[in-house]
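All remarks here apply to the structure that follows.
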Amino acid sequence: MKELAAILSICSLHPENALALATLVKASGSTYRRPGARMLILEDGGSAGSVSGGCLERDLIEKGQVAARKGESILVTYDTSAEEDIIFGVGLGCKGAVHILVEPLRPGSAAEELIRFIGNIFHRRHSGAVATVFQIRGDVQVRLGDRWMLDSDGKVSGRLDDEGLRAKINAATVEALSSNRSRTMEFELPGGEVEVFVEVMHSPAPMVIFGAGYDAHPLLRLAKEVGFHVTVADARPAYAQAARFPEADAVVVVRPEEIATLGLNQRTAAVIMSHNYLTDFGFLQAVLPLNLRYLGMMGPRARTLKMLQELQEAGLETSEDLLRKIHNPVGLDIGAENPEQIALSILAEIQAVIAGRPGGLLREKKGPIHAPTH
C-alpha cells in the first residue's frame, strides 16, 4: 500500500504530464514481486514503485516513456526460466516469467480512471476489486487495459463494451472482493478469448498502538515504512501528543470506555503496550470482544494471564477461540532485546498473521514461497 500511496501522491503533482503506469499482471515460477506490483514512470525517466528487484526497471522505464508518448498500451513479458537468460536476457536467474502491462497515464485514459478509483478507496478507507484485461486472442470487442472496477459499497465503473464479458467479469470481481483473493482468469468469447487479472485492493491497513511510551516510536516508524495507517492512542494526555509522534496518522487521547471512537474493525492490528497494568487491563477488556485482525499484548505471559483471570471473574466470557486471538508475549522469537528489535519482532508477527503464514524460516518451507494467483 505504501507503493500505491507514493504513486497517488506523484500523480496528484503531475496531473497533465505524460506518465506511464506499469502493472505486474501475471507471474509464474520464481519472481521477486507478485501480481499487483506497480511502477509509475515519469517523463524524465524517474519512477516510483517497482515490479522487480531492480533488474527490469531500466528497460521498463524506456518502454513506458514510449507508451506515454504514443498513447498506446503494451504487454511486456520477461521470461527468465531459461538458463540462457543469465547471459542473453535481463540476467535475473530467477527461473520465472512476468507479464507487465504498460499503459499511458494521461487525462481521460483507462489508467487515469484506475488511479482515481484507487485514490477514492484510500480516501474513504474502503476496499475494491479491479479486473484488468491484459491479453487478447482472436477477434473480440475488447481493448488492452480495459477494466471493470467494483468498490466495497457496490459501485461499479470502468470500460467493457462486450456485455457478455462484462457480466462474467462483474461476477468475478464480486467473488474476489468476497473471498479477498486476487487471481488471473481466462474468459472465452464467441470470437476468441481474453486473459484478465482480477485484483483485490485495500486502503492501508489500520494499526493502533495503545501506549505512547518511548518504545512506541520504533514500532510506529517501522509500521509506517511498511505502509500501515497508524494511530497512537493513550489515556494519558501528557503522553498522547501529536508533537511527540509526527509520523503518526493520528494521535489520540482515549480511555478504554471510549474505544468505539477509534472505529476498530476486522482489518485492524492492535498492540497494547502502555506498561501500566490498569491501563493495559482496561484496553484489553475493551478490545478483546472485537473481531480484530491481530491483537498483541506487551509483557510477560503471567501478567496477561492474571488480567484474563480478572476478566473472567468480572463476567467476561473468554472462550478458547477468543483467548487464541491474543499474541502474548508479543512478537516473533528473534532474540529481540532493545526497543528497535522488539518493534521488528512485533511487526514481523503482525505481517505473518495478516498473510496467514507461520513466520518460520523460508529455507524450511516446502514448495514455493508465494501463493499462486490462478
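Residues 9, 47, 52: which one is polar (S, T, N, Q), closer than 23 Å to residue 224 by Cβ and under 17 Å from the mean Cα position of the chain (by Cα)? Break it down stepwise before answering.
Values: 47 fails: under 17 Å from the mean Cα position of the chain (by Cα); 52 fails: closer than 23 Å to residue 224 by Cβ.
The unique qualifying residue is 9.
Residues in region 257-279: is at least one closer than 20 Å to residue 293 by Cβ, in contact with a His (Cβ under 8 Å, 6 or more places away or on another chain), modelled with pLDDT of 95 or more and assigned by TED's automatic domain parsing to the domain that holds residue 327? Give the derivation first.
Looking only at region 257-279, we keep the residues that are closer than 20 Å to residue 293 by Cβ, and these are 259-273.
Applying the additional criterion that residues be in contact with a His (Cβ under 8 Å, 6 or more places away or on another chain) yields 267.
If we keep only those that are modelled with pLDDT of 95 or more as well, we get none.
No, region 257-279 has no match at all.
Hey, can you tell me all the residues within region 143-163 that are in contact (Cβ under 8 Å) with a residue 40 or more places away in the chain and surrounded by 23 or more Cβ atoms within 10 Å (Cβ to Cβ)?
Residue satisfying the conditions is 145 alone.
Go through (1) under 19 Å from residue 240 (Cβ atoms); (2) outside any loop (DSSP other than H, G, I, E, B); (3) aliphatic (A, V, I, L, M) and name the single condition residue 264 misses.
So residue 264 meets the others, but not (2).
Output the residues belonging to region 274-322 that are of a type in the set (Lys, Arg) and free of Cβ contacts under 8 Å to residues at least 12 places away in the same chain.
Once the filter is applied, which keeps residues that are of a type in the set (Lys, Arg) and free of Cβ contacts under 8 Å to residues at least 12 places away in the same chain, region 274-322 yields only 306.
Search region 249-284 for residues being of a type in the set (A, V, I, L, M) and surrounded by fewer than 18 Cβ atoms within 10 Å (Cβ to Cβ), and hand back the single one that is farthest from the chain's Cα centre (by Cα).
Start the filter on region 249-284 by keeping residues that are of a type in the set (A, V, I, L, M), which leaves 250-254, 259-260, 262, 264, 269-273, 278, 284.
Retained after the next criterion (residues that are surrounded by fewer than 18 Cβ atoms within 10 Å (Cβ to Cβ)): 250, 252-253, 260, 278.
Numbers: 250: 20, 252: 25, 253: 28, 260: 25, 278: 34 Å.
This residue is 278.
Every residue in region 121-142 that is in a loop (DSSP other than H, G, I, E, B) and buried (at least 18 other Cβ atoms within 10 Å of the Cβ), please.
Applying the first criterion (in a loop (DSSP other than H, G, I, E, B)) to region 121-142 yields 125-126, 139-142.
Passing the criteria: 140, 142.
Consider residue 318 against the criteria (1) assigned to a loop (DSSP other than H, G, I, E, B); (2) in contact with a strand residue (DSSP E or B) (Cβ under 7 Å, 6 or more places away or on another chain): it satisfies all of them except one. Which criterion is unmet?
Checking residue 318 against (1) assigned to a loop (DSSP other than H, G, I, E, B); (2) in contact with a strand residue (DSSP E or B) (Cβ under 7 Å, 6 or more places away or on another chain), the one that fails is (2).
If we only count strands (runs of 3 or more DSSP E) wholly inside region 179-225, which ones have 2 or more residues that are surrounded by fewer than 18 Cβ atoms within 10 Å (Cβ to Cβ)? Give the derivation first.
On the way: elements: 183-189, 192-202, 206-210.
The qualifying strands (runs of 3 or more DSSP E) are 183-189, 192-202.
Residues are listed down the side, and each one gets a yes or a no for (1) closer than 22 Å to residue 299 by Cβ; (2) not aliphatic (A, V, I, L, M):
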site: 318; (1), (2): yes, yes
site: 344; (1), (2): yes, no
site: 347; (1), (2): yes, no
site: 351; (1), (2): yes, yes
site: 361; (1), (2): no, no
site: 366; (1), (2): no, yes
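Residues checked against (1) out of contact with any Asp or Glu (no Cβ under 7 Å at 6 or more places or on another chain); (2) under 17 Å from residue 105 (Cα atoms); (3) in a loop (DSSP other than H, G, I, E, B):
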{"site": "22", "(1), (2), (3)": "yes, yes, no"}
{"site": "32", "(1), (2), (3)": "yes, no, yes"}
{"site": "55", "(1), (2), (3)": "yes, no, yes"}
{"site": "58", "(1), (2), (3)": "yes, no, no"}
{"site": "61", "(1), (2), (3)": "yes, yes, no"}
{"site": "64", "(1), (2), (3)": "yes, yes, no"}
{"site": "69", "(1), (2), (3)": "yes, yes, no"}
{"site": "77", "(1), (2), (3)": "yes, no, no"}
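Of everything in region 16-58 that's within 15 Å of residue 197 (Cα to Cα) and among the aliphatic types (A, V, I, L, M), which residue is modelled with the lowest pLDDT?
So, considering only residues that are within 15 Å of residue 197 (Cα to Cα) and among the aliphatic types (A, V, I, L, M), the one modelled with the lowest pLDDT is 27.
The values are calculated or read from the model by the stated rules, or taken from the named source; none is laboratory data. These figures come from a predicted structure and were not determined experimentally. In this analysis, Cβ positions are derived from the backbone assuming ideal geometry, glycine residues included, and neighbour counts consider all displayed protein chains.
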